[in-house]
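Worksheet: one structure, shown below.
The values are calculated or read from the model by the stated rules, or taken from the named source; none is laboratory data. Remember, it's a predicted structure, so these values are computed and weren't measured experimentally. With ideal geometry, Cβ positions are generated from the backbone for all residues, glycine too; neighbour counts draw on all protein chains shown.
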Amino acid sequence: MGGFSLLGFQKTFQKTSQETSKEIEDTGVAHRVGVIGGDGIGPEVTAESLKVVRAAGVALDTVDYDLGGVRYLRTGEVLPDAVLDELRGLDAILLGAVGTPDVPPGVLERGLLLRMRFALDLYINLRPFRAGPSRYNDGVDMLVIRENTEGPYVGEGGVLRYGTANEVATQGSVNTRMGVERCIRYAFELTKQREKKHVTLVHKTNVLTFAGDLWQRTFNDVAADYSEVGTAYNHVDAACIYFVQDPGRYDVVVTDNLFGDILTDLGGAIAGGIGRAASANLNPARTGPSLFEPVHGSAPDIMGTGKADPRAAIISGALMCEFLGETEAAARIDKAVAGADDVQGTTSEIGNAIAERV
Ligand code: IPM
Ligand code: MN
C-alpha cells in the first residue's frame, strides 16, 4: 500500500489532505463535528476519542447532541426532525453508543441509528480488523464493507393476527441493483488501492437465490471493470469458519447488511476484542456528514467504572480524520494506538497514553 491508509480511500472519494488543510488555512474554520455521546459508556469513550484527535492537531468545532435512551426516557423523543436537519449541515458525526435497559428493543436502533444511516445515505459501513502475526500466522489486515441501507434492515414486512396462535410475521430483504452496485463499486475502488488487491463477496447464493443472484451478477459485472483486482466468493457460513481459522486470507470483504452485522462482531472477536472494533458509516458522495462509531454498545453495567476500553472509539476518530482529509493525523493516531497496545488502565488512562504518543 502506498502511504498510510486505514480506509484506503481513493481520490474519487476523498479530498486530498492538501485541499482540506488549505481550506482550513484559508477560512480558519475547523471541522464541524456533531458529538452524540449517547448512553452508558458512550460519552466516556467519545471524550477520549476527541482528546486524541485534538492531540493529533486536528481543529474541531464540536456540537454536542443529547440523543439516546436517557433522552428518550426523559422526553419521549428519539430523533426530532429538526435535529436531523441540523446534523445534515455538519462535516461529520462522532457517536459513542446508545441504549439503556429500560428502552424497548428497536426504539433507538430503528429510530436513531438506522434512521441516520438511511436519511443521511450512509450506504457504506466500513469496519477494519487487524491483528499482529503473534495471533495469526501472517497477521490480519482486513476491511469488511457492509452495505448499510438495504437488506433485511429496511423494515419491510409486517405482522398479521398479532398475539394469536396463527400469528404471521414477515421481514423481507430489500436489494436494489443501484444499492448493491454502489456498494460493490466502492469495494472495488478501495481494493485496487490496497497492496493485496483482493476482494471477497460473502453471501448465501445457494439459498437466497434472488438476492444472492443479484449480488453475484453485480459483483461479476463490476469486477469486469477492475482487471487488477482478484476476486473470490464465500458462502457466509463458510466465511465464519475462515474468519476464525484463517482470517489472514482476507483483504477486503463485501457483503450485505445483515451478514455484515454478524460477521463484523466475529471480526471484532478475532482481532483483539470488541473494545478495538471501529466503524465508519460513510456517505461517499459527501452529500452530507458521515458517521463514526465503535462497533460495541453502551455497556451500562460498566458505566462510570473506568473499565471501558476507548480504543474502538479512538480508532473511529482516526477513521473520521482520514475521511475528513486529515490523513497525517489519522496515521499518527493509528500508530499511537499500536504503540500503546500493552497499556492497561482506566478509560482515561488509556486515552491519555494514546494522546501522549500521537
Ligand atoms: C451495529 C449494531 C446495529 C446494527 C444495531 C444497534 C442497530 O449492531 O452497528 O453493528 O445492527 O447495525
Ligand atoms: Mn452489530
* Considering segment 85-111 alone, what residues qualify as being assigned to a loop (DSSP other than H, G, I, E, B), in contact (Cβ under 8 Å) with a residue 12 or more places away in the chain and more than 10 Å from ligand 1 (Cβ to nearest atom)? -> 89, 90, 91, 100, 101, 102, 103
* To do: Tell me which residues, restricted to segment 59-84, are over 22 Å from the mean Cα position of the chain (by Cα) and either part of a loop (DSSP other than H, G, I, E, B) or among the basic types (Lys, Arg) (or both).
  => 59, 71, 74, 76, 77, 80
* Asked: Where residues in segment 117-135 are surrounded by 14 or more Cβ atoms within 10 Å (Cβ to Cβ) and more than 13 Å from the chain's Cα centre (by Cα), which of them is nearest to ligand 1 (Cβ to nearest atom)?
  -> 118
* Look through 264, 347 and report the one residue that is more than 16 Å from ligand 2 (Cβ to nearest atom) and either modelled with pLDDT of 95 or more or not charged (D, E, K, R) (or both). => 347
* Within segment 149-186, track down each residue that is farther than 26 Å from residue 223 by Cα and among the basic types (Lys, Arg). => 161
* Going through segment 136-161 one residue at a time, which ones are more than 22 Å from residue 208 (Cα to Cα), touching a residue at least 40 places away in the same chain (Cβ under 8 Å) and surrounded by fewer than 18 Cβ atoms within 10 Å (Cβ to Cβ)? -> 136, 137, 138, 139
* To do: Evaluate the following for residue 290: is it of a type in the set (Gly, Ala, Ser), under 24 Å from residue 179 (Cβ atoms) and within 16 Å of ligand 1 (Cβ to nearest atom)?
  => yes
* Structure fact -> Residues of segment 112-148 being within 15 Å of ligand 2 (Cβ to nearest atom) and part of a loop (DSSP other than H, G, I, E, B), in sequence order, are 122, 148
* Would segment 321-333 turn up any residue that is assigned to a helix (DSSP H, G or I) and in contact with a Lys or Arg (Cβ under 8 Å, 6 or more places away or on another chain)? -> no
* Hey, residue 312 at pLDDT 95 or above and either within 15 Å of ligand 2 (Cβ to nearest atom) or in contact with a Cys (Cβ under 9 Å, 6 or more places away or on another chain) (or both) or not -> yes
* Asked: Hey, among the residues in segment 197-233 that are part of a loop (DSSP other than H, G, I, E, B) and in contact with a strand residue (DSSP E or B) (Cβ under 8 Å, 6 or more places away or on another chain), which one's surrounded by the most Cβ atoms within 10 Å (Cβ to Cβ)?
  -> 229
* Asked: In this structure, is residue 81 without any contact (Cβ under 8 Å) to a residue 12 or more places away in the chain and of a type outside the set (A, V, I, L, M, F, W, C)?
  -> yes
* Qualifying position, being more than 16 Å from residue 255 (Cα to Cα) and among the charged types (D, E, K, R), among 147, 86, 181 -> 86
* To do: Answer yes if at least one residue in segment 225-234 is within 20 Å of residue 212 (Cα to Cα) and either in contact (Cβ under 8 Å) with a residue 40 or more places away in the chain or within 14 Å of ligand 2 (Cβ to nearest atom) (or both), and no otherwise.
  => no
* Asked: Which one is nearest to the chain's Cα centre (by Cα) among residues in segment 290-308 that are more than 15 Å from ligand 2 (Cβ to nearest atom), surrounded by fewer than 24 Cβ atoms within 10 Å (Cβ to Cβ) and at negative phi?
  -> 290
* Structure fact -> When every residue in segment 256-280 that is more than 13 Å from ligand 1 (Cβ to nearest atom) and not in a helix (DSSP H, G or I) is compared, the one surrounded by the fewest Cβ atoms within 10 Å (Cβ to Cβ) is 273
